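Everything below concerns the one structure shown next.
The values are calculated or read from the model by the stated rules, or taken from the named source; none is laboratory data. Please read all numbers here as calculations on a predicted model, not as lab measurements. Positions of Cβ are backbone-derived with ideal geometry, glycine not excepted, and every protein chain shown enters the neighbour counts. When the accessible area is computed, the model is the full protein with side chains, heavy atoms only, and any ligands, DNA or RNA have been set aside. Shrake-Rupley method; radii C 1.70, N 1.55, O 1.52, S 1.80 Å.
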Amino acid sequence: MHDRNNTELLVRAGCGDAAAWHEIVRRYARLVWAVPRSHRLSPEDAADVCQATWLALAENLSRIRRPERLGAWLVTTTRRETLTVLRLRGREVPLDRWDAADDGPTPEERALARDAGLWHAYATLTDRCREILRLAAFAPELSFTQVAEAVGIPVNSLGATRGRCLAVLRRRLGAEVPR
């Protein structure tokens, strides 16, 4: 396979020839790896980017118009994947300075406490409010008319009623949920 050109390798790999695929990977793996690492991604994120790049190539084997420029195609695809990872990482927010040695509640315990507080506050609502909010959460495909009929209120008052129910729930959550 070492003597095959990119066109032959792409065609053969597209037909399921594992040796052709392995030769493509052998030729370009270092190039693909270098792109995310040059953007200072962690080894784990770089590995994810490389995997996404190879998947993109596998999905597009028959669509590569200029096989002699396969290296450039891989660099461009890898760079796009890398920039996507960087953009998403910029949106992630770390946990509030939580230290494992701290005796306070863990993030999981805090989430469970909030969940318990939510269900406690929900249970204190009127039957009508609980039914409206349950339908909104678990049957979002229902129209306003269908929800109003199911709850037994006029359709034109459903929005205001739901808003009041949510306001009561928010107030009760503010008073009961530990932060």
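When Arg37, Arg63 are screened for being free of Cβ contacts under 8 Å to residues at least 40 places away in the same chain, charged (D, E, K, R) and over 29 Å from Glu8 (Cβ atoms), only Arg37 passes. Selection of first residues in the stretch 11-31 that are in contact (Cβ under 8 Å) with a residue 12 or more places away in the chain and of second residues that are outside any helix (DSSP H, G or I) and open to solvent by 60 Å² or more (accessible area, probe 1.4 Å), restricted to Cβ pairs under 6 Å at least 6 apart or on distinct chains, gives the following pairs, ordered by first then second residue: Ala19/Met1; Glu23/Met1. If the condition is being out of contact with any Leu (no Cβ under 6 Å at 6 or more places or on another chain), part of a helix (DSSP H, G or I) and open to solvent by less than 70 Å² (accessible area, probe 1.4 Å), then the stretch 116-134 contributes Ala116, Gly117, Leu118, Tyr122, Ala123, Cys129, Arg130, Glu131, Ile132, Leu133. If only residues of the stretch 129-148 that are within 30 Å of the chain's Cα centre (by Cα) and small (Gly, Ala, Ser) are counted, the one that is modelled with the highest pLDDT is Ser143.
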